[in-house]
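The values are calculated or read from the model by the stated rules, or taken from the named source; none is laboratory data. As the structure is a prediction and not an experimental result, all values here were calculated from the model. In this analysis, Cβ positions are derived from the backbone assuming ideal geometry, glycine residues included, and neighbour counts consider all displayed protein chains. Just the protein is used for accessible areas: all its heavy atoms, side chains included, with ligands, DNA and RNA removed. Shrake-Rupley method; radii C 1.70, N 1.55, O 1.52, S 1.80 Å.
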Amino acid sequence: MSRPKLENMSLRQRIIWLTCGAVFIIGLLLVLFVNLIAPIFITQEIGSPDTQILINTVDENGNPSTVLAETPGPTGYTIWHDLGFSRADPLLVVRILSVSGLIMITGIGVFAARLIAKESLKPVSQISDTARRISVQNLDQRLNFQGENDEIKTLADSFDRMLQRLQTNFENQSEFISNLAHELRTPLTSLRMNLEVLNINPQATLEDYQAFSATAERSITRLERLVEDLLLLAKAEKELDCRPIVLGVLFEDILEELTPIAERENVELKMSGDLELEVNSDPVLFNRAVANLIENGIHYNHPGGFVEISACKADNQVIIDIKDNGIGISESQQTHIFKRFYRAEAGTTNHNGKGLGLAITAHIIALHNGRIEIKSEFGKGSIFRIYLKPAN
């Protein structure tokens, strides 16, 4: 059976294999070094005996005696017993001990590698067990790993931050679906109630049907705009088609389009600044983003008020300001106005938007790698400021 590929192993198996391999290679290099260096220092003297034996002889007093002697023995000595004890080749002994040591070191390395892998990956196992218990129902749980400040803690902290983002996204999604259901239900409920009134009234007149027709038209128009806004939010990123746009031309087109609404609300529209500046943007989407801000300035304003749009360049950025002297936005609401379906308090205006305009604007500007800020004082007006990179 072939050895499994390294990329197909678990992390623990890879650590064991790599550690054992490192120990074996180090041991092998040590063996090679010893065997290469040993012959330089280990030599055999010429004429040195290579066998020792026991022989029978007599001492000076003529008494029998047994001594250990080297062969060949002295003349006249008789060999009593040869134990066959031969002095081995020192280099052979070194090689045998080297191989034996390599086997022993490798065995110890395998045991040590398994122990190291087990202890090193214990925090990973704890993180994995905790992560396995986290689901959509308990996204508020966190690992809160308290180990050493190493790679494992960095991984655990990154996982906690990811869980926070997931929790936020799930909460936003849940809120979005709830608000969307409400927005869809309102015009549908209006249509159904008016239709039921007509059905149960056998004396319904032409005026009743005309009133129902007007209500139905308003509801359908509201549903159409809601669907268009949702499609814009969903598809804007894929449909982004940027090209250089002269801001003066863009502002003129938007103001011309919104002039009838401004006249109806008795609000003056103005533009100023460096209108020759260019930005890279999608003509349709960016027009919609800026138009939403100006239209909000018109609706949330007082009769006789104004909305002014201007452009300038500073710090290699194009800055677009949409300023109005309308009802303004309280400080507590300013952090929420770019959320989908969020509606600021209407104040004295009767405008009832869907709460998607500013969310769409923020989304489009983010797609253009820009940012939007708001400065507002309740009762005195607002300034929406857009930052973009210039076209050149």
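Quick notes
- When Ala311, Ala362, Ala346, Ala366 are checked against the criterion of being over 21 Å from Met271 (Cα atoms) and either assigned to a loop (DSSP other than H, G, I, E, B) or at pLDDT 90 or above (or both), Ala346 stands alone in meeting it.
- Looking across segment 307-324, the residues that are farther than 16 Å from Ser272 by Cα and touching a strand residue (DSSP E or B) at 6+ places or on another chain (Cβ under 9 Å) come down to Asn316, Gln317.
- When residues in segment 259-269 are screened for being among the polar types (S, T, N, Q) and assigned to a loop (DSSP other than H, G, I, E, B), 1 of them pass.
- Scanning segment 219-242 for residues that are out of contact with any helix residue (DSSP H, G or I) (no Cβ under 7 Å at 6 or more places or on another chain), open to solvent by 80 Å² or more (accessible area, probe 1.4 Å) and either among the acidic types (Asp, Glu) or modelled with pLDDT of 80 or more (or both) yields a count of 4.
- Selection count where residues are more than 14 Å from Leu293 (Cα to Cα) and within 44 Å of the chain's Cα centre (by Cα), scope segment 257-273: 2
- Tally, over segment 145-157, of residues that are loosely packed, with under 10 Cβ neighbours inside 10 Å and at pLDDT 80 or above: 0
- When Glu252, Glu256, Glu276, Glu295 are screened for being in a helix (DSSP H, G or I) and exposed (fewer than 13 other Cβ atoms within 10 Å of the Cβ), only Glu256 passes.
- Which listed residue, of Ile337, Ile322, Ile327, is in a strand (DSSP E or B), open to solvent by less than 50 Å² (accessible area, probe 1.4 Å) and modelled with pLDDT of 75 or more: Ile322
- Among the residues of segment 204-234, those identified as within 30 Å of Ala366 (Cβ to Cβ) and among the basic types (Lys, Arg) are Arg222, Arg225.
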